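Okay, so here's the structure we're looking at.
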Amino acid sequence: METVWSAKAWATVWQYRATFLNGLLNTLQSAVVGLLIAMAIGFALGLMATGSVKGLRMFARAYVEFFQNTPLILQVCFLYYALAYSGVKITVVTVGFISLGLYHGAYVAEVVRAGIQSIPLGQFDAARAQGFEYTDTMRYIILPQTAKIILPPMINQVVALIKNTSCLYIIGGADLIATTYNFVTGESTGGAYGPAYLVGGVLFFCVCYPLSMIAGRWERRLKERDAVKPDKADAKEATA
Amino acid sequence: MEQFMQDLRGSFGILKNPDVIGYLLKGLAFTLGISFCTIVLSVTVGAVLALVRNYCTKGPARVLRRIASAYIELFRNTPLMLWMFICFVMCPAPSFSKAFAEMLGFTSTVAVKTLFKAIVAFTLFTSAIMAEIIRGGLNSVAKGQFEAAYAQGFGTLQTMTLIVLPQAFRNIIPTLLSQMITTIKDSSYMASLVTVELMGCTKLIISKANSYNGTWVDRFNRGTIHVTDVFVLFGFAFLVYFAINFTLSCFVRRMRARRRA
């Protein structure tokens, strides 16, 4: 820990600042692509889970249970090894995109499902009575109403996804955390433990903290609004 | 096809090897042991953090509240892997005796030290999550409970330990159990540092699969690792993790459904 006060260690970190920046960019890249895949999978599965086709409902359930109940590291390793030993040429980065997308897809699916199920059934009936088809019902009536419920847990998922990019270290990924570790244990750069961990950690925190804070505030506001007693709300309306 | 079936038979042969399966089951025992230790330790630390963050609101004690909040936010917004790496390099560890290492099945005391550091990192990280869960439980206890306890002449400590905490914990049992699933999953992060738990053990066996799957001839012909080895061995690990966590998650779901009713 003494190295935090060592000017020389800080100088080494500063000299290799591009390495850290590159690690951060890799982390963000994995997170963004992983998120896009997770969203696509999550919305598809969420709609399947709330739909009327039994086979699709069961598929969505099985997918979510499998991916939520096994470790991400195991999934990452399996995908990487299985492809490598069957002779498929694939980069670590691509494996990262796919496995992060598949894993978080299961969590996004649960968020979407909970959002859709929070909408009163009357809304579906009303839409059908007005002659809306399934896709139009979802697009114009249901999904817009779920947005405010879905968003806070969705942002929390984004934070979890950014944190989980560090899993890729096990297959030799070059995300921010792996970069930091390789830096402090590297032959030519080793030793600058304090400053390097501080820089890596602070960079990570600066990305995640604002997101968590937004999600937390939003959630609290939703809860406060729901906590307003119905009779009080009625009274307010009456005086308005 | 013929070749594939033969490979597959060889791969299943690995799991039938008593040494291998014994090694993997030992890994499983470590996964469960590490998770258990981490949960017990982090519920304790988390409870302290939660109480401080929630109730140290007056006078100089507010400094403690600031510290607890900062701790929780810091650990919730940085990855577990970072703390594992930090502890791996910087965390001081007591020197364990050779006998203790052998009792755990290690040949060197260095591995025990690494395991110790990894558990420290794991506990530091999980405590922050536990603190937020417990805080949720504390907030769910009605204000009247505090007032009633004080009216009966209970002191602050008694109110907390006898009235508030038991109710808070009862309210969060389902959430704590689902955090247990996360902890069992997260214990696999250790595979990046030290080979003790199921994930690390499975990975090690795969890297040596050529000497178990029947292709190994002599020291000049090292044999080959087939893709079926990867499927069978990781498949085994998937199955074990899934069996444990799925059972837990079914349990949690039933508990939640019963409470809602």
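The values are calculated or read from the model by the stated rules, or taken from the named source; none is laboratory data. Because the structure is a prediction, the values reported are computed rather than measured. Ideal geometry is used to build each Cβ from the backbone, glycine not excepted, and the neighbour counts take in all protein chains shown.
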Scan segment A:52-108 residue by residue and report those that are in contact (Cβ under 8 Å) with a residue 24 or more places away in the chain, out of contact with any helix residue (DSSP H, G or I) (no Cβ under 6 Å at 6 or more places or on another chain) and away from every other protein chain (no Cβ under 13 Å). A:Val93, A:Ile98, A:Leu102
When residues of segment B:94-128 are limited to those that are aliphatic (A, V, I, L, M) and either in contact (Cβ under 8 Å) with a residue 40 or more places away in the chain or crowded, with 22+ Cβ neighbours inside 10 Å (or both), the one farthest from B:Gly33 (Cα to Cα): B:Ala128
Scanning for something surrounded by fewer than 20 Cβ atoms within 10 Å (Cβ to Cβ) and over 26 Å from B:Gly200 (Cβ atoms), does segment A:62-81 turn up at least one residue? yes
Residue among B:Ile119, B:Ile67 that is modelled with pLDDT of 90 or more, away from chain A (no Cβ under 14 Å) and within 13 Å of B:Tyr189 (Cβ to Cβ): B:Ile119
Out of all the residues in segment B:22-35, is one or more within 14 Å of chain A (Cβ to nearest Cβ) and among the β-branched types (Val, Ile, Thr)? yes
Testing B:Ile21 on (1) over 19 Å from the mean Cα position of the chain (by Cα); (2) among the hydrophobic types (A, V, I, L, M, F, W, C); (3) closer than 30 Å to A:Met213 by Cα, one condition comes back false. Which one is that? (3)
What do you reckon, is B:Thr78 in a loop (DSSP other than H, G, I, E, B) and surrounded by 14 or more Cβ atoms within 10 Å (Cβ to Cβ)? yes
If the requirement is being more than 9 Å from chain A (Cβ to nearest Cβ) and under 23 Å from B:Ile134 (Cα atoms), which of these qualifies: B:Leu248, B:Leu204, B:Leu162, B:Leu193? B:Leu162
Counted residues in segment B:1-28 being β-branched (Val, Ile, Thr) and either modelled with pLDDT under 85 or more than 30 Å from B:Ser187 (Cβ to Cβ) (or both) come to 1
Residues that are surrounded by fewer than 24 Cβ atoms within 10 Å (Cβ to Cβ) and over 20 Å from B:Met190 (Cβ atoms), drawn from segment A:158-178: A:Val158, A:Val159, A:Leu161, A:Ala174
Residues that are closer than 20 Å to A:Phe66 by Cα, within 11 Å of the chain's Cα centre (by Cα) and of a type in the set (Gly, Ala, Ser): does segment A:107-118 have at least one? no
So the helices (runs of 4 or more DSSP H) completely within segment A:133-233 holding 2 or more residues that are more than 10 Å from chain B (Cβ to nearest Cβ) and farther than 30 Å from A:Arg17 by Cβ are A:143-164, A:193-227
Residues in segment A:53-60: is at least one surrounded by 17 or more Cβ atoms within 10 Å (Cβ to Cβ) and either over 28 Å from B:Ser187 (Cα atoms) or modelled with pLDDT of 90 or more (or both)? yes
